[in-house]
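> Below is the structure I would like to discuss, written out as structure tokens.
What follows is calculated from the coordinates using simple rules that are stated; it is not laboratory data. Here the structure is a predicted model, which is why all the values come from computation and not from measurement. With ideal geometry, Cβ positions are generated from the backbone for all residues, glycine too; neighbour counts draw on all protein chains shown.
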Amino acid sequence: MPKKAVLIIAEQMFRDEEYQKPKEILEQAGVEVITASTTTREAVGKLGLVVRPDLLVSRIKPADFDALAFIGGGGAAQYFADEAVHALARSFAEAGKVVAAICIAPVILAQAGLLQGKKATVYPDGAPELATGGAIYTAKSVERDGQIITANGPEAAAAFGQEIVRRLQEA
């Protein structure tokens, strides 16, 4: 049975390449990719990419997916204090599934309590938030600690996608 991943984007100002590149890499590896947001109307990236999400974040069921990934960009801040999203990320982690975040989005994982004692990376602006969340900030472009994968920005998008594929192939 093919693996399934859900990519969560913000309604506005997600990073286009942090969404496109991992999605492309996952699909090339045979992973079915579903896009989720807080709207199923058009979501618009920082560079103008228009995406129509397949699913509302509130409708994501961890049992339906093997991986959850938060896409960065300034818009990801809409999820920083979202308790429902935090609970969703925790439920994926508790089920032993891949939980990933790129750019500023690892702050979501820190706020959800998932980075306590874990090695993680983030866009440099988010480093204080990771420290507050108990993470061991490594400043690497991509970091993996168990089933949690973090990356620090657009330049790491391809490596981020490849690391998610690697982890899914191990599972």
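> Mind ranking 14-20, 106-112, 163-169, 139-145 by how tightly packed they are, going by the mean number of other C-beta atoms within 10 angstrom, highest first? The partial results should precede the final answer.
On the way: 14-20: 24.9, 106-112: 27.0, 163-169: 19.1, 139-145: 17.3.
Descending packing order for the listed peptides: 106-112, 14-20, 163-169, 139-145.
> Taking θ = phi - 60°, what integer Hz values does the Karplus form 6.51 cos²θ - 1.76 cosθ + 1.60 yield along the range 36-53, in sequence order, with x for Gly and Pro?
My calculation for the range 36-53 gives 10, 7, 8, 9, 10, 7, 5, 10, 10, x, 4, 9, x, 4, 10, 10, 9, x Hz in order.
> Continuing with this model, one more query. Kirkwood hydrodynamic radius, the range 110-171, all distinct C-alpha pairs: what's the number in Å?
Working: mean 1/r = 0.0860 Å⁻¹.
By the Kirkwood definition, the hydrodynamic radius is 11.6 Å.
> Need the list of lysines near LYS61 for cross-linking: C-alpha distance under 16 angstrom, and skip anything on the same chain fewer than eight residues off.
By straight Cα distance, LYS61 reaches LYS3, LYS4, LYS97.
> Please turn the phi angles of the range 74-85 into ³J(HN,Hα) values with the Karplus equation 6.51 cos²θ - 1.76 cosθ + 1.60 (θ = phi - 60°), one per residue in order, whole Hz, x for glycine and proline.
Each residue of the range 74-85 in turn: x, x, 4, 4, 4, 9, 4, 10, 7, 4, 5, 5 Hz.
> ALA100's amide H: which non-local residues (gap 5+, or another chain) put their own amide H closer than 5 Å, with H modeled 1.01 Å from N in plane and none for Pro or chain starts?
The list, which skips near neighbours in sequence, is LEU68, ALA69, PHE70, ILE149.
> By DSSP, what percent of the beta bridges with both residues in the chain are antiparallel, rounded to the nearest 5? Don't skip to the end; give the middle numbers.
Numbers: 6 of 29 bridges.
Of those bridges, close to 20 percent are antiparallel.
> For the range 1-82, what does the equivalent ellipsoid look like in terms of its semi-axes, each the square root of 5 times an eigenvalue of the Cα gyration tensor, given largest first in whole Å? Walk me through the numbers before you get to the answer.
Values: eigenvalues 76, 44, 22 Å².
So the equivalent ellipsoid measures 20, 15, 10 Å along its semi-axes.
> Separate question: Please report the net charge: other residues with Cβ closer than 15 Å to the Cβ of GLN111, K and R +1, D and E -1. It would help to have the intermediate numbers written out before the result.
On the way: positive: ARG90, LYS118; negative: ASP82, GLU83, ASP125, GLU129.
Net charge around GLN111: -2.
> A further question on this structure: Viscosity 0.890 mPa s, temperature 25 °C: give me the Stokes-Einstein translational D for the chain in µm²/s, with Rh taken as the Kirkwood radius over C-alpha pairs. List each step's numbers first, then the result.
Values: Rh = 15.2 Å.
It comes out at roughly 162 µm²/s.
> If you don't mind, another one. Hey, what do the phi angles of the range 10-20 turn into as Karplus ³J(HN,Hα) couplings, whole Hz, using 6.51/-1.76/1.60 and θ = phi - 60°, x for Gly and Pro?
Taking θ as phi minus 60°, the curve returns 6, 5, 9, 6, 6, 7, 3, 6, 6, 8, 5 Hz for the range 10-20.
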